[in-house]
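Derivation of every value follows stated rules applied to the coordinates shown; laboratory data play no part. For clarity, every value in this text was computed on a predicted model and none was experimentally measured. Quick reminder, even Gly has a Cβ in these numbers, built from the backbone with ideal geometry, and neighbours come from all protein chains shown.
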Amino acid sequence: MALDFALYCKSYRKDLLRVKRLLNSLRRHNIESIPFYISTPESDREALFGLLGTGNDFQWVSDESIVRANPRVPQDIQRTKPGGIAQQVIKSEFWRLGISQNYLCIDSDSVFIRDFTKSDFLAPDGDPYTVLHQNKEFFQMASNRGHLRVERDLRIEAETVKALFGRVGPNYYCAPAPFIWSAKVWESLDHNYLEPKGITLWDLITPEHPESLVYGETLLAYQAIPVRMIEPLFRIYHYDWQYYLARRWGETKEKLQQNFIGVIYQSAWEAEMDFGAPTKSLLSRLLRKIKRFLRLLQSYL
């Protein structure tokens, strides 16, 4: 019998140090011992267990098993797609394993900062809440700092995905991670949209159609579960300039615990947490550090 709720992280070799940090935070704050699943490519299994050990605080499944759970897609299709796209689809298809009716899809660069229970994610009737909002705070911060492209690009994405379902009205965003996802919603997308068109999620998810927006629009279109909107569960620092600015305003872990159960430090600007030997040259890494220092100084302007 499927679980009513589980935690799930899709990862790969480069992010294993981040997964270790995530797991350590779960050991402290997952007070109800909600089952935690990690998927990686089969080729990364040995490295994962070598770093995390073989304890009972997580269970491993292979990315390949998730791909195979959909009989309508070619075997090893993930090898033909860009890594970012493959990651989005595999996360979205985890429901096909039948492990859990609902799951919290967590990125490797996430850290829990306070205790949590199922009631943070599920309503009393057992259906999940959904992170669904208009992103106004982040848009305003980006505009204040002159990062106008941030809002423009996200609005274009939202309009594009909204048009797939013929919806008009406000743009809603399901990001940032972690995402509270229901198997019923993903299944409704499959039955009502993908199968009639003779396509799969591997065809639908593109850089223009990110999985978080597709899930939100699917929920609004078919309402396989009640629409219960909540604000983001985690504080995310999309960019280092955002982190520096927030810190200068007095934002601390202790203060964040009042409104958030976790924090996401984007892996794109936290290269020191990459697993294995650096892939960038020494000069490239030095330039990255200089740019980060300059953005730190810019936060004071």
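Match the structure shown to one of the listed values [x] 58, 48, 40; [y] 53, 49, 40; [z] 91, 48, 37 of Cα extents along the principal axes in Å, computed from it, and give that label.
After the calculation, the listed value that fits is [y].
Which net charge results when you count Lys and Arg as +1 and Asp and Glu as -1 among the other residues whose beta-carbon is under 12 Å from that of S11? Let's see the in-between values first.
On the way: positive: K10, R13, K14, R18, K20, R21, R45, K91; negative: D15, D44, D63, D107, D109.
With Lys, Arg at +1 and Asp, Glu at -1, the neighbours total +3.
Just to check I understand the Karplus step: with θ = phi - 60° and J = 6.51 cos²θ - 1.76 cosθ + 1.60, what whole-Hz values come out for region 64-79, glycine and proline as x?
4, 5, 5, 4, 5, 5, 9, x, 8, 10, x, 4, 6, 4, 4, 6
Positive end of the dipole of the chain, charges at C-beta (+1 Lys, Arg; -1 Asp, Glu), about the Cα centre: which of F138, A177, F5 has its Cα farthest in that direction?
So the residue we want is F138.
List every residue whose amide H lies under 5 Å from the amide H of S39, counting only residues 5 or more places away in sequence or on a different chain, with H placed 1.01 Å from N in the peptide plane.
Correct list: C9, K10, S11, V61.
Counting other Cβ atoms within 10 Å, which trypsin sites (Lys or Arg not before Pro) in region 132-197 have at most 14 and lie in a DSSP loop? Write down the numbers at each step before the final one.
Numbers: sites: K136, R145, R149, R152, R155, K162, R167, K184, K197; in loops: R145, R167.
Of the trypsin sites (Lys or Arg not before Pro), the ones in loops of region 132-197 whose Cβ has at most 14 other Cβ atoms within 10 Å are R167.
Summing +1 for each Lys or Arg and -1 for each Asp or Glu, what net charge is found among the other residues whose Cβ lies under 12 Å from the Cβ of Y129?
Numbers: positive: K118, R228; negative: D120, D125, D127, E231.
Computed value for this residue: -2.
Classify region 18-115: rounded, prolate or oblate, from the alpha-carbon gyration tensor (a ≥ b ≥ c, eigenvalue square roots; a/c under 1.5 rounded; otherwise prolate if a/b is larger than b/c)? Let's see the in-between values first.
On the way: a/c = 1.96, a/b = 1.64, b/c = 1.20.
Prolate shape, in that a/c is at least 1.5 and a/b is the bigger ratio.
Could you tell me which of I230, P74, Q258 has its Cα farthest along the dipole of the chain towards the positive end, charges placed at Cβ (Lys, Arg +1; Asp, Glu -1), taken about the Cα centre?
Q258
Please list, ordered by chain and number, the residues whose modelled amide H lies under 5 Å from the amide H of S100; skip anything fewer than 5 residues away on the same chain.
Correct list: L3.
With each pseudo-label sitting 7 Å past Cα toward Cβ, what's the E137-T160 distance in nm, one decimal?
2.7 nm
Among residues other than W186 whose Cβ falls under 11 Å from its Cβ, what is the net charge (Lys/Arg +1, Asp/Glu -1)?
Details: positive: K91, R96, K184; negative: E93, E187, D190, E211.
Neighbourhood net charge equals -1.
FRET efficiency for A123 and A69, Cβ-Cβ distance as r, R0 = 30 Å, nearest 0.05? The partial results should precede the final answer.
Numbers: r = 27 Å, r/R0 = 0.91.
FRET efficiency, A123 to A69: 0.65.
May I ask for the longest run of the chain untouched by GluC sites (Glu not before Pro) that are loop-located per DSSP and have at most 12 neighbouring C-beta atoms (other than their own) within 10 Å? Please report the intermediate quantities before stating the final value.
On the way: sites that count: E32, E208.
Answer - 33-207.
222 nm [θ] for the chain, helices only, -39500 (n - 2.57) per DSSP H run of 4+, per residue, to 500?
Numbers: 12 runs with 118 residues, N = 301.
Only helices count here, giving -11500 deg cm²/dmol.
Determine which aspartates and glutamates satisfy two conditions relative to K91: a Cα distance under 16 Å, and not lying fewer than 8 residues away in the same chain.
D15, E42, D63, E64, D76, D107, D109, E187, D190, D203, E211
Calculate the dipole size of region 6-298 relative to its Cα centre from +1 charges on Lys and Arg beta carbons and -1 charges on Asp and Glu beta carbons; express the result in debye to the nearest 20. Show your work: numbers first, answer last.
Numbers: 39 positive and 35 negative charges, 236 e Å.
Using Cβ point charges on Lys, Arg, Asp and Glu, region 6-298 gives about 1140 debye.
May I ask you to evaluate 6.51 cos²θ - 1.76 cosθ + 1.60, the Karplus curve with θ = phi - 60°, for each residue of region 28-37 and list the ³J(HN,Hα) values in order in whole Hz, giving x for glycine and proline?
For region 28-37, the Karplus-derived couplings read 7, 10, 7, 6, 9, 6, 4, x, 10, 10 Hz, x marking Gly and Pro.
Please compare each pair in K118/K197; K81/K118; K81/K253; K20/K197; K20/K255 to a cut-off of 29 Å on the Cα-Cα distance and tell me which ones are over it.
Values: K118/K197 36 Å; K81/K118 34 Å; K81/K253 37 Å; K20/K197 41 Å; K20/K255 24 Å.
The answer is K118/K197; K81/K118; K81/K253; K20/K197.
Is region 36-180 rounded, prolate or oblate when judged by the Cα gyration tensor, a ≥ b ≥ c being the square roots of its eigenvalues, rounded requiring a/c under 1.5 and prolate requiring a/b larger than b/c? Walk me through the intermediate numbers first.
Details: a/c = 1.67, a/b = 1.44, b/c = 1.16.
In terms of gyration-tensor shape, prolate.
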